[in-house]
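The structure under discussion appears below in the form of structure tokens.
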Amino acid sequence: MGLLCTPTSSSSSSSNAVPTLFLICCAFFVSQAFGARTPHPETFLPFIWPLPEKFSYGNETLSVDPALSLSGNGAASNIVREAFERYKGILFKHGDRFGFLRTLRSAYDVSKLSIIVHSNSEELQLGVDESYNLFVSGAQPLSGAGGVTIEANTVFGALRGLETFSQLCSFDYTTKKLQISKVPWSIRDKPRFQYRGLLLDTSRHYLPVNVIKQTIEAMSYAKLNVLHWHIIDEQSFPLEVPSYPNLWKGSYSEWERYTIEDAHDIVNFSKMRGINVMAEVDVPGHAASWGVGYPDLWPSPFCKQPLDVSKKFTFDVLSGILTDMRKIFPFELFHLGGDEVNTDCWTNTSAVNKWLKNKNMTAEDAYEYFVLKAQNIALTKKWSPVNWEETFNTFPSKLHPRTVVHNWLGPGVCPKAVAKGFRCIFSNQGVWYLDHLNVPWEVVYDADPLEGIQKASEKKLVIGGEVCMWGETADTSDVQQTIWPRAAAAAERLWSPRDFTSGKHAKGTALKRLQYFRCLLNRRGVAAAPVTNYYARTPPDGPGSCLVQ
């Protein structure tokens, strides 16, 4: 018997009730789930990742019919139906393919999953209700059948409930049945933060569309809900822009590109999993690739970035890009970058320097001018601009009030930003940059977006956080094992109540659950690396179960 040590809460159903936490160890049926050779039972823990807000359980075990059917009004939603079929494919992959050889059909306790959704709206935006209730009832005295019900206010809450349901299930290799242990289950859950993101960089290395989709699929398993797509940077411009068709001449090759159809496909694929896509066009720096197709965007052929601030053409191109992208990306946030801008090209290029003098501007003034002009373009297209923290650090009083400040340089920025009334995204590079391979899972897990913020009104302005997969040393060959499982550590911090994921025993409990979740990712085809290796994404250092690596 495996052992699960998790916090539980009072049985109060009030959403405002304060949970009473204590550590409880409970038995959970998994001894057959990993084949003949398994570690000692007490070395691994079944779990739900990320931990739900409130849950209780019993001591029964139910079997689930491979012909499990969907009922309830949620079945009318294409988003819910497709998700139900996806999860059936995951759960019943061992399937009873040779059942026809048996003379008697097996009996099952659970043959139907009911999903009830209280809203017809399927608009996916920041702050959409992702809460859900999940109930698994025990076998009834007369029928002997159990029941599973997911209740949610939106289809996206139903998706989160389906993921949790999938993690309650395990395949028994002796009976060859899918089982739910510790029934009855009662789970009431909602996320701690509305923005739970992962940045994916496709400029430093091109990632094929199917690899991006693999990442999105894995994000849904960890209940992350924003893909920050860093599409373009100084090294390459892989995206098709119909208004300025020469821009993607800045791609590495004609095969390492994304058509507008590809971008639409990625956005739609993400929505079906309850994930928003926030695109980024980083300006005015990190933009040398733009000039491959339009050299006039460079200050000079010998000094290629930042973009030429002195030309109307620069802002015409930027506006054209955003106009085309607005047709693809419906999410209300759009990232305009603004980081690491070295203005030497402006002062060292005679034409730009002359323009600066005519405008009575310093290079620093021109940086502000460019950022604010880019913000205005985004605002006219009904986007709220997101900018890296340098813009806030340099001219906070000039930023538009709808600006979301994106922290990355270190701690202490979100407290300053929210104190001035700005919203903030936490991505402190010391803890949540996944390309920093020497940052262990527990450092990722310990980080908290609300650190240093005391006022409740200011805490609300921290919309969440994001782990960043910068691509200088990651491509198709290693990107998944660089992201996972450390991104999952941040995912639980962003979803689960703080009291559940901090304190004296939290990391000890979390390690075993994270190792189990890494095994789950591996079983689902995600190349998640061992949890405890000193350097992330390195292979195992010897034979052994994924449950202890």
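Around I453, which amide H atoms from residues at least 5 apart in sequence, or from another chain, sit under 5 Å from its own amide H, with H modelled in the peptide plane?
Residues meeting the amide H criterion: none.
I'd like the orientation of helix 486-495 relative to the chain: the angle between its Cα long axis and the longest Cα principal axis, in ° from 0 to 90, rounded to 10.
80
Can you give the angle from 0 to 90° between the axis of helix 260-271 and the longest principal axis of the chain, with both taken from C-alpha atoms, to the nearest 10?
Long axis of 260-271 versus the principal axis of the chain: about 40 degrees.
Under 5 Å between amide H atoms, partner at least 5 residues away or on a different chain: which partners does H228 have, H built in plane at 1.01 Å?
Those lying under 5 Å, H to H, from H228 are L198, L199, L200, M278.
For H205, what accessible surface area do you get with a 1.4 Å probe? Give it in Å², rounded to 10.
The accessible area of H205 comes to roughly 60 Å².
³J(HN,Hα) across the range 126-134 via Karplus (A = 6.51, B = -1.76, C = 1.60, θ = phi - 60°), whole Hz, x for Gly/Pro?
4, x, 4, 5, 10, 6, 7, 10, 10
Suppose accessible area is computed on protein heavy atoms with a 1.4 Å probe; arrange F269, F156 from highest to lowest.
F269, F156
Rank these residues by their accessible area, most exposed first, probe 1.4 Å: I453, I116.
Working: I453 10, I116 60 Å².
Solvent-accessible surface, decreasing: I116, I453.
Which whole-Hz ³J(HN,Hα) couplings does the range 445-455 yield from phi under the Karplus relation 6.51 cos²θ - 1.76 cosθ + 1.60, θ = phi - 60°, glycine and proline marked x?
For the range 445-455, the Karplus-derived couplings read 5, 6, 5, 9, x, 8, 4, x, 10, 10, 6 Hz, x marking Gly and Pro.
Output wanted: per-residue J couplings in Hz (rounded whole) for the range 358-375, from phi through Karplus 6.51 cos²θ - 1.76 cosθ + 1.60, θ = phi - 60°, x for Gly and Pro.
Result, ordered by residue: 5, 8, 6, 10, 8, 4, 5, 4, 5, 4, 4, 4, 5, 4, 5, 5, 5, 4 Hz.
Got a number for carbon plus sulfur as a percent of the chain's accessible area, 1.4 Å probe?
52
Output the Kirkwood hydrodynamic radius of the range 54-189, Cα pairs only, in Å rounded to one decimal.
Every distinct Cα pair counted, the radius reaches 15.5 Å.
Using only the alpha carbons, work out the radius of gyration and Dmax of the chain in angstrom.
According to the Cα coordinates of the chain, Rg and Dmax are 25.0, 91 Å.
Using only the Cα atoms of the range 202-296, what are the Rg and Dmax in Å?
13.7, 45
Between T380 and K507, what's the calculated FRET efficiency when r is the beta-carbon distance and R0 is 41 Å? Round to 0.05.
Efficiency computed from Cβ-Cβ geometry: 0.30.
Would you mind getting the accessible area per residue of the chain, heavy atoms of the protein chains only, 1.4 Å probe, in Å²? Can you show the working numbers first?
Working: 21900 Å² over 549 residues.
About 40 Å² of surface per residue is accessible.
Can you tell me how much longer the chain between H118 and A419 gets when fully stretched, taken as 0.36 nm per residue apart minus their C-alpha distance, in nm with one decimal?
Extra length available between H118 and A419 comes to 104.7 nm.
Would you mind counting up the charge near V431? Only other residues with Cβ under 12 Å from its Cβ, with Lys and Arg at +1 and Asp and Glu at -1.
Spelling it out: positives minus negatives among the neighbours equals -3.
Note the angle between two axes, namely the Cα long axis of helix 506-523 and the longest principal axis of the Cα atoms of the chain, as a number of degrees from 0 to 90, rounded to the nearest 10.
90
Net charge near N533, counting Lys/Arg +1 and Asp/Glu -1 over other residues with Cβ under 15 Å of its Cβ?
0
Taking the range 240-297 as the region of interest, what is the percent of Cα-Cα pairs per 5 angstrom bin, listed from the shortest bin to the one with the maximum distance?
4, 16, 20, 24, 17, 12, 6, 1, 0
Counting only helical runs of four or more DSSP H residues, what would the 222 nm mean residue ellipticity of the chain come to if each run contributes -39,500 (n - 2.57) and the total is spread over all its residues?
Result for the chain: -8500 deg cm²/dmol, rounded to the nearest 500.
Using a Förster distance of 56 Å, how high is the FRET efficiency between S545 and S300, based on the Cβ-Cβ distance and rounded to 0.05?
0.40
DSSP loop (so not H, G, I, E, B), at most 15 other Cβ within 10 Å: list which trypsin sites (Lys or Arg not before Pro) in the range 227-329 pass both filters.
K327
Cα-Cα over 22 Å: which of K312/K420; K312/K373; K93/K507; K420/K455; K249/K304?
K312/K420; K93/K507
Percent of alpha carbon pairs in the range 195-497 separated by more than 32 Å?
On the way: 10715 of 45753 pairs.
Tail of the P(r) past 32 Å holds 23 percent of the pairs.
In nm, to one decimal, how far is the T259 label point from the N360 one, both placed 7 Å along Cα→Cβ?
It is 5.3 nm.
The values are calculated or read from the model by the stated rules, or taken from the named source; none is laboratory data. Computed from a prediction, not measured in an experiment: that's the story for all the values here. As a convention, Cβ positions derive from the backbone with ideal geometry for all residues, glycine included, and neighbour counts pool all protein chains shown. Heavy atoms of the whole protein, side chains included, go into the accessibility calculation; ligands, DNA and RNA do not. Shrake-Rupley method; radii C 1.70, N 1.55, O 1.52, S 1.80 Å.
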